[in-house]
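Taking it in order: structure first as structure tokens, then the write-up.
The values are calculated or read from the model by the stated rules, or taken from the named source; none is laboratory data. In this text, all values refer to a predicted model and were calculated from it rather than measured experimentally. Cβ placement follows ideal geometry from the backbone for every residue including glycine, while neighbour counts extend to all protein chains displayed.
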Amino acid sequence: MEHLSTDFGNLGFSSSRGGGGNGSNTGEWPRQQPVPPPQSRNTPPPQSHYFQRTSSRGSSSSNNMGSSVNRSNGSQDWQQLESDLNAATAKEFVPGHGWSSHQHSSASSVGSNSQGGRSYSDFFGQDHSRDQQQQQQQQRQGQDEPAPERTFSTTIPSGPTPPSFRSLHSLGLSDDTWRYYRGLSMEMNRQMDPSDPRHKAIPFPYCNGFCLDPPNPHNARSSFGYPCNTFQVVNREDGKLYCLRRFDNVKSVNPKIAATVMEQWAGLEHPGIATLHQCFVAQRAVFFVHRYIPGVQSMMQLTNPPSFDETVIWSAICQMVAVIRFVHGAGLALRTLDLRHTLVQMDSLRLRVYLNCLGVVDALEFESRKSFQQLQAEDMRNFGRWVLSMVTGTNITAVTDAQTLQNCERYCMQNYSRELRHFILTLIRSQNPPSIMDVSRTLSARLLDDLDGTQLALQRTERALAGEYESGRALRLLLKMGFVNERPENGVNRRWSQSGDCYVLTLFRDYVFHQADGAGNPVMDLGHVVTALNKVDTSDEEKIVLSSRDGKSMMVVSYADVARSLESAYHELVNGSVPPPSVQQQHGQGQLY
């Protein structure tokens, strides 16, 4: 007698030959399982055991699902099984309702076998092993009652998952970040009144000036000893913002000295310094052009100098150590390290520190005979005074009197740790202050803490950038569609009206932005808009149905077809376009287009 065992739970088929149903034949492990009682023809089989049929001639070897077929009764059982299978497979599977009640168990078995032994738990995340164990236990006890029928709580979606509803507030930056960058944008677009006479103090090629100097009613000299005016300007050549300083009545600086200083500082870029871009002599004055950093202010311009926490002070120390190490490594000296030339930028996470006015003292005191070793040692002493100034809120320089310095040291001793006080006094009081490399090795642990803060700030910036990613992609698509759709000069051309690529884009615009419900009310579903634009940007092959407004024309296209139509129509416009008049004028003057 030939015995077939179909093991769907083990994802495979096995066959054995032999007599007897105990499976003790060679080539098959013996299976000691109780024989379930025979079932009558009119008794419906239990769920998930539709294939289990027994015979009076022998016992059936059961697998982990209890699915086995005994062929000892000839072809009658196989005919009945085939008819049941055909009835089950012909039944429609309704999304959201599952199979019909009288064929549910058959459909369940067919679903398990049609996937090569995978059960519905693979598709719907449901595990029926507990129900199967209970049904096997009922069979062992001789109970013939059918198991209660089960309906599916979830179904496989017949189409793509609809996008979730989104509002405008869910796109882009958070409100706080948006207000912050909006403030920066407003600051960078400031300009003086066109009739302001200070415009004459700005040399060519700079324009759109805005005075950055605080009110100075007494015409006091600057910290460098010369009259100084500071402007926010725009360079006509590259369109970027810069900080322009003008020093009048300077007789010790000539164009050669300015070129020498510019050569020393050219190309030195660091995130903690305002890079020197240009130094020149014009209009009987010396000009220094530095990188413009929006959203910052001088430490001396703070109306109420804050009492910084020690963690914030150590972070500022680590940032300034990085700046000093970079400049000293280039063979230069800062010479401007005090609160008047320190720019700060505070947010909720950290304090950013920038050093300003680099190269100014090098030009104004070019005839100084001090060596770089002496200048760098003086930088380290000024570094200690700078830290003490941050702690006390008082600008301490080399000419500060001893009593003020002693009072500031006493304040530091009472409010901050011994480590910070020892660090400050070592830099200020030492006859030979430690080098910046020695300080870097001492602050290795603090530098790692500051690195952690930098990583947190970077993660926040990356999250904000991710929020703007969709906005940037959508803007490019909308700009292209705005150029292409319904151009008035091509209204007569049928290619741009009711056929071709542009007609597809017109219907797609209505599909994206002009959704309405059955009553004709507009549906403001931003999630649908964002999802559709993203799929066009990625050239998704998903099909959609586009309909004209009168309902007489319908198209079945994919998002990839829409993307190709948009690129084709846009490039056709670009090839036939002309540059703006301003660009034509620049091109006529020999400038690159």
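Listed values, structure above:
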quantity	calculated
Selection count where residues are in contact with a helix residue (DSSP H, G or I) (Cβ under 9 Å, 6 or more places away or on another chain) and of a type in the set (Asp, Glu), scope region 368-396	1
The lone exception for residue 398 - which of (1) among the aliphatic types (A, V, I, L, M); (2) surrounded by fewer than 18 Cβ atoms within 10 Å (Cβ to Cβ); (3) part of a helix (DSSP H, G or I) it fails	(3)
All positions within region 375-411 that are more than 19 Å from residue 426 (Cβ to Cβ) and polar (S, T, N, Q)	394, 395, 403, 404, 407
Qualifying residue in region 248-256 (condition: out of contact with any Asp or Glu (no Cβ under 6 Å at 6 or more places or on another chain) and buried (at least 16 other Cβ atoms within 10 Å of the Cβ))	yes
Every residue from region 315-326 that is of a type in the set (A, V, I, L, M) and over 9 Å from residue 436 (Cβ atoms)	316, 317, 320, 322, 323
Condition check for residue 302: farther than 27 Å from residue 206 by Cβ, buried (at least 18 other Cβ atoms within 10 Å of the Cβ) and without any contact (Cβ under 8 Å) to a residue 60 or more places away in the chain	no
Matching option when the condition is under 30 Å from residue 256 (Cα atoms), of a type in the set (D, E, K, R) and modelled with pLDDT of 90 or more, among 452, 362, 438	362
Pairs, first in contact (Cβ under 8 Å) with a residue 40 or more places away in the chain and under 21 Å from residue 480 (Cα atoms) in region 508-528, second surrounded by 10 or more Cβ atoms within 10 Å (Cβ to Cβ) and of a type in the set (A, V, I, L, M), C-beta under 7 Å, six or more apart	508/546; 508/562
Any hit, region 347-360, residues being over 44 Å from the mean Cα position of the chain (by Cα) and in a helix (DSSP H, G or I)	no
Filter result for residue 183 (of a type in the set (Gly, Ala, Ser) and touching a strand residue (DSSP E or B) at 6+ places or on another chain (Cβ under 6 Å))	no
Some residue of region 400-417 being within 41 Å of the chain's Cα centre (by Cα), closer than 16 Å to residue 321 by Cβ, at pLDDT 90 or above and assigned by TED's automatic domain parsing to the domain that holds residue 331	no
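Here's the yes/no breakdown for (1) in the same structural domain as residue 515 (by TED's automatic domain parsing); (2) at pLDDT below 80; (3) crowded, with 17+ Cβ neighbours inside 10 Å; (4) not aromatic (Phe, Trp, Tyr):
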| position | (1), (2), (3), (4) |
| --- | --- |
| 163 | no, yes, no, yes |
| 167 | no, yes, no, yes |
| 173 | no, yes, yes, yes |
| 188 | no, no, no, yes |
| 207 | no, no, no, yes |
| 217 | no, yes, no, yes |
| 222 | no, no, yes, yes |
| 231 | no, no, yes, no |
